[in-house]
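Worksheet: one structure, shown below.
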């Protein structure tokens with residue numbers, strides 16, 4: 001973390017301790033309900049200092065199904081497609097996500113391989129958030145954990161709809177999401 005100046009009283013204000021780039025990243029994070037609805041400014045500041053801005057051209061892969069997830073992404077601009085591929089190489093688009101969405105958080109927290117491939121449909125600006133930083137914030141912020149659970153519930157509903165409306169290709173994916181939600185719930189009670 002870079003400190004730009006110290007106040008007369010010797011304390012360092014939040015605005016003063018972030019670089020201009022980190023201030024811009026914090027503003028991007030504040031525009032994402034997943035973070036802004038539950039994190040206090042000091043937590044957003046902390047997260048802003050570890051995020052890495054990334055640009056993806058149309059057709060670029062943000063994450064690939066089956067890879068181990070060490071980070072997640074916060075989409076700040078553009079549209080991505082979330083695609084599930086069966087063992088028989090049949091592909092099905094699960095959902096399209098846009099500015100304000102997060103992807104990859106389930107795998108970061110579970111340690112499981114990526115459930116789907118995320119592909120940039122348009123040029124995408126995103127913040128890459130290291131998994132270790134997200135886990136550290138969760139350990140100190142029960143509200144963020146609750147927000148994560150709500151996001152997982154919404155995604156579960158979307159994946160369930162995709163499974164019943166498109167065919168049984170995604171049943172395995174839904175089962176993995178359910179299992180992850182159950183593990184997350186057990187962790188909150190311990």
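The values are calculated or read from the model by the stated rules, or taken from the named source; none is laboratory data. What you are looking at is a predicted structure, and each value in this text was computed from that prediction instead of being measured. Cβ placement follows ideal geometry from the backbone for every residue including glycine, while neighbour counts extend to all protein chains displayed.
Tabulated results
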item: Of all residues making up the stretch 53-83, the number that are on the phi > 0 side of the Ramachandran plot and at pLDDT 95 or above; result: 2
item: Residue in the stretch 69-77 that is more than 14 Å from the chain's Cα centre (by Cα) and surrounded by 17 or more Cβ atoms within 10 Å (Cβ to Cβ) present; result: no
